[in-house]
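Please read the structure below before turning to the comments.
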Amino acid sequence: MRDNNVSSGSDGNNEHKLRRGIILITYAVLLYMGLKNIGMFFDWLKVLYRILVPFVYAFAIAYLLNKPYMFLRDKAFAKIGKDGTKALKLRKALALVCAYLIGFMVIAFLVVILVPALIDSANQLTNNFSSYAQSFENFLTSTMKRFHIEVDMNSGLFQTINDLTAKVTGGDLMDVISTVAKTFLPTVFDVTKNVTTALYNWLISIIVSIYMMVSKEQLLRQSRKIIYAITPRKSHGFIAEVATLSHKMIGRFVYGKIIDSAIIGVICYIGMLILKFDYPLIISVIVGVTNIIPFFGPFIGAIPSCILLLMINPIEALWFAVFVLVLQQIDGNIIGAKILGATIGISDFWILFSILLGGGLFGVVGMILGCPIFAVIYILIGRAVNDKLSRDGLSKIANRTFSENRAISIENSKKKQ
């Protein structure tokens, strides 16, 4: 009887090892095939993304309008809907319509106020470009004389730039212009096609976002059912925690950044008017929009603005650079700190890391959303590590500084002696 038990146990172990080996081999083959065709996989993802772009935009619109919708539904129109289901539906519909009206009114206000002023500034810049070019030529020639750069100073700005182009690239400027001209028409066609596609996508996105807002509770319930059905029961609490934390971090960060950037744009405009800088509206819009990008946003907005002012007046460009530096210090230490507070909760090093990583993977959107997404990952990993250290009784040891560990080591060595 004992031999039979040993034999059956041995057969069971062998069968278990065989099954495990087959599973490992299958995973290895699938991993190899996946890595071998990873380019095809990413191409498929790009195609899928192009198809789903309206839904991505729709989600962004619905997410941004969700907070005004919730405020209107639960606060402004709270007295409606206490008598029955029909009244409650009326309250939701009224809040939804008002939320979209607010969004459209804000966009329409910005377009009506900003677009005509931006067009006037652009026309002024175009009309004055020749005089700006002449002043920039004078500055360029005097600077090159100062640094003993051998270029014919009497040939005008065009020939000067042509000589500099030949020195830098080894080719003639006319060749560069010819190449640009050959690609101009296809570029115009591509731009027109992209603008038309973008307008179509945004129109579809607005319609889809309305359906998302109307069916928000149902979509959330269906998503929760699917997640609970395909994941182990013990992970349900963790998934809910991740979803809640992500919504909290991303929502606060996005809303806070939009408000902060709008304030910075207005302050920049007022400051440029007081200091009498040229083209305050165009530059303030650039500074305000790029300020949405954390850390690098101020530099991204300041560089083209400084180049524009450099052509007009180099001294003015220098003072503008100082002004932007002061403005960003005020934003980082006062305005941004008040609005965003401790929303991110990670150090400057990790903020920089998340921006570079997100920007490298997903471009501008990755630079904007990289911080809150990485903050969620950082918080979850930190909680898991602290819980593990607490269970193992290592919290105090792990939290010691280098100097504390050194002092304890010296003290222990003295006791041994």
Problem - Net charge of Cβ neighbours under 14 Å - reference Ile293; Lys, Arg +1; Asp, Glu -1 - result: -1
Practice task
With +1 on each Lys and Arg Cβ and -1 on each Asp and Glu Cβ, and nothing else charged, work out how big the dipole of region 229-360 is about its Cα centre, in Debye to the nearest 20.
Solution key: 540
Problem - Spin-label proximity, Phe104 to region 211-226 - amide N less than 15 Å from point 7 Å beyond Cα toward beta carbon - result: 211
Problem - Residues Ile373, Ile107 arranged by fewest to most Cβ contacts within 10 Å - result: Ile107, Ile373
Exercise for the section: Quote the FRET efficiency, to the nearest 0.05, computed for Phe77 versus Thr126 with a Förster distance R0 of 56 Å and r equal to the Cβ-Cβ distance. Expected result: 0.70
Exercise for the section: Mind checking the full-extension length gain between Ala229 and Lys338? Use 0.36 nm per residue of separation minus the Cα-Cα distance, one decimal, nm. Expected result: 35.0 nm
Problem - Pairwise label distance in nanometres, Leu48 with Asp387, each label 7 Å out on the Cα-Cβ vector - result: 3.0
Practice task
Pull out the extension gain between Tyr200 and Arg19, defined as 0.36 nm times the separation in residues minus the alpha carbon to alpha carbon distance; nm, one decimal.
Solution key: 59.9 nm
Handout entry: Computed label-point distance, nm, for sites Leu90 and Val364 using a 7 Å Cα→Cβ extension
Key = 4.4
Problem - Pairwise label distance in nanometres, Phe238 with Met33, each label 7 Å out on the Cα-Cβ vector - result: 2.9
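Readers should treat all values here as calculations from the given coordinates under stated rules, not as data from a laboratory. Given the structure is predicted, the values throughout are model-derived calculations rather than measurements. Glycine also receives a Cβ, built like all others from the backbone with ideal geometry; neighbour counts cover every protein chain displayed.
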